[in-house]
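The values are calculated or read from the model by the stated rules, or taken from the named source; none is laboratory data. All values reported here derive from a predicted model rather than from experimental measurement. All Cβ positions, even for glycine, are placed from backbone atoms using ideal geometry, and neighbour counts span all protein chains on display.
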């Protein structure tokens, strides 16, 4: 059995009782960063073996993990924050487990883009999740395509690239397009800035930005 276990995006209290139960029962926990995950696991006294599983080694260890799972081991995948597979490793392992007949179960739990979308004030009935934009190759092509997107769009971004990305959105979507930027969700200094792309870009251009970033942008309207 392979379990995909969401972990808190900030506040450690946001982990579910079922997630803790699974983490304490599996034979091995696969963690994106073992040092980061140790804070959560130690806080809840989870003492199971932990092994690194991230984008730099997932291809190398993939078959070994599938073989162990096929032999009867129970494993849980966790990331630094949020749900495995959402802009974090998990897809390859899930796909190979399904091919090998290994049971896969994903627990419900924290994902940063959901609270950012819901509290944005931008329509939530239809939306698309784009994750991180390409840094260079394919970036302009994708932005040109998204300029015609009518659904609400959700992006992840790093603090150092936030203003540049907002300026790119202004170039391709127009400066009056409604948007919302959420950072440090569930943490002490959580901030949600709403307005037009121009208003929000100007606001963040005047301050030092830290924390995980979610950008929500309204879709194109007539």
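Values computed for the structure shown
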| read-out | value |
| --- | --- |
| Residues (under 20 Å from residue 111 (Cβ atoms) and either surrounded by 13 or more Cβ atoms within 10 Å (Cβ to Cβ) or free of Cβ contacts under 8 Å to residues at least 24 places away in the same chain (or both)) located in segment 45-55 | 53, 54 |
| Search result, residues across segment 82-106 that are under 18 Å from residue 186 (Cβ atoms) and touching a helix residue (DSSP H, G or I) at 6+ places or on another chain (Cβ under 8 Å) | 86 |
| Filter result (farther than 30 Å from residue 183 by Cβ and surrounded by 15 or more Cβ atoms within 10 Å (Cβ to Cβ)) within segment 70-115 | 73, 74, 75, 96, 97, 102, 104 |
| Residue 84 part of a loop (DSSP other than H, G, I, E, B) and at pLDDT below 95 | no |
| From 39, 54, residue being out of contact with any helix residue (DSSP H, G or I) (no Cβ under 7 Å at 6 or more places or on another chain) and not in a helix (DSSP H, G or I) | 54 |
| Count - residues of segment 22-36 that are assigned to a helix (DSSP H, G or I) and touching a residue at least 40 places away in the same chain (Cβ under 8 Å) | 4 |
| Failed condition for residue 67, given (1) surrounded by 13 or more Cβ atoms within 10 Å (Cβ to Cβ); (2) not in a loop (DSSP other than H, G, I, E, B) | (1) |
| Scope segment 12-21; condition out of contact with any helix residue (DSSP H, G or I) (no Cβ under 6 Å at 6 or more places or on another chain) and either surrounded by fewer than 20 Cβ atoms within 10 Å (Cβ to Cβ) or outside any helix (DSSP H, G or I) (or both); matching residues | 13, 14, 15, 16, 17, 18, 20, 21 |
| Lone qualifier among 94, 77 - being more than 22 Å from residue 211 (Cβ to Cβ), in a helix (DSSP H, G or I) and touching a strand residue (DSSP E or B) at 6+ places or on another chain (Cβ under 6 Å) | 94 |
| Check on residue 65, closer than 28 Å to residue 219 by Cβ and in contact with a strand residue (DSSP E or B) (Cβ under 9 Å, 6 or more places away or on another chain) | no |
| Residue 214 being in a loop (DSSP other than H, G, I, E, B), within 30 Å of residue 109 (Cβ to Cβ), in contact (Cβ under 8 Å) with a residue 40 or more places away in the chain and in contact with a helix residue (DSSP H, G or I) (Cβ under 6 Å, 6 or more places away or on another chain) | no |
